[in-house]
Every structure is written in structure tokens, then in C-alpha cells.
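The values are calculated or read from the model by the stated rules, or taken from the named source; none is laboratory data. This structure is a prediction, so every number in the text was calculated from the model and none was measured. Cβ sites come from the backbone with ideal geometry, for glycine too, and all protein chains shown count toward neighbours.
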Amino acid sequence: MKLFDSELKVMEVLWEEGPVPARRVVEVLGQRIGWNKNTTYTVIKKCMEKGAIRREEPDFVCHPLAERETVQKEETEALIEKMFGGSSELFFSSFLRERGVSEEEAKGLLRLIRKKGGEKQ
């Protein structure tokens, strides 16, 4: 499921707070990024059309149907495919060159790589 940046902002609220009335999503996004009620409701509706959110009455309670981890995985795969020709190696080398990691983060990444390398494909 492809979610646009605006839809991800709505999903972030639901992932953080769980099922909440739409008015709570309006309140949070109004504070965070200055969205008004109409903008927020429009984006909620788009998320519902995509199957990312289920709405229940009373109070227009929004339930996240798309899981954060699933969306993160899909977005990451799309980024790597689009910007790095599908190459994880190019992605990581660019990331490390531009951002870098601490020694502790590097050790954690090495553990993950070794673990993943030991899995059967």
C-alpha cells in the first residue's frame, strides 16, 4: 500500500495513540503541522479509501489497519528500488557516507548483517 506523506502523518498519530476519534487526529495535526479540520478529514478519507484506516461510529473513531512495520518495509523497498536500482549495498554505502553511524550502531548493524547472512533464503 503506497501512502503519501500527508497520509503518513495521519497514520503516525494513529500508530502513536491507537484508535482515536477523528477530532483527536485533527487536534494533534493542528498542533504539529498547522493542519485545519477539513484538510485532516480529507486525508483521513483518503486513508480509508486505501484500506489503511477503518472508521467506527459513534465519534468517528479511526482504527489503524496498516501496521507501521509493514508500511516502513514497503516504503524502504520502494526507496531502494527507485533511488538505488534495488541495490541494498548502494543504499547502505550512501547512507554511511552521508550520515555515518556511531561505533555502537555499527556493531549493531554488523550483528544484524551476520544474523541475516545466516538465514536460509
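May I ask you to list the residues in segment 62-88 that are under 15 Å from the mean Cα position of the chain (by Cα), charged (D, E, K, R) and assigned to a helix (DSSP H, G or I)? Answer for segment 62-88, where residues must be under 15 Å from the mean Cα position of the chain (by Cα), charged (D, E, K, R) and assigned to a helix (DSSP H, G or I): 68, 69, 73, 74, 75, 77. Among the residues in segment 48-69, are any touching a residue at least 12 places away in the same chain (Cβ under 8 Å), among the β-branched types (Val, Ile, Thr) and out of contact with any Cys (no Cβ under 6 Å at 6 or more places or on another chain)? Checking segment 48-69: at least one residue is touching a residue at least 12 places away in the same chain (Cβ under 8 Å), among the β-branched types (Val, Ile, Thr) and out of contact with any Cys (no Cβ under 6 Å at 6 or more places or on another chain).
Looking at segment 66-84, which of its residues are over 18 Å from residue 13 (Cα atoms) and of a type in the set (S, T, N, Q)? Across segment 66-84, the qualifying residue is only 76.
Just one of the listed residues (29, 8, 14) is within 17 Å of the chain's Cα centre (by Cα), in contact (Cβ under 8 Å) with a residue 60 or more places away in the chain, part of a helix (DSSP H, G or I) and under 17 Å from residue 64 (Cβ atoms), namely 8. Within segment 90-103, residues that are surrounded by 12 or more Cβ atoms within 10 Å (Cβ to Cβ) sit with their Cβ atoms under 8 Å from residues that are modelled with pLDDT of 85 or more, at 6+ positions apart or across chains, in these pairs: 90/84; 91/79; 91/80; 91/83; 91/84; 94/84; 101/109.
Exactly one residue among 32, 55 is surrounded by 14 or more Cβ atoms within 10 Å (Cβ to Cβ) and of a type in the set (Lys, Arg), and that residue is 55.
Out of all the residues in segment 45-61, is one or more assigned to a helix (DSSP H, G or I), touching a helix residue (DSSP H, G or I) at 6+ places or on another chain (Cβ under 9 Å) and at negative phi? Checked against the condition, which is being assigned to a helix (DSSP H, G or I), touching a helix residue (DSSP H, G or I) at 6+ places or on another chain (Cβ under 9 Å) and at negative phi, segment 45-61 yields at least one hit.
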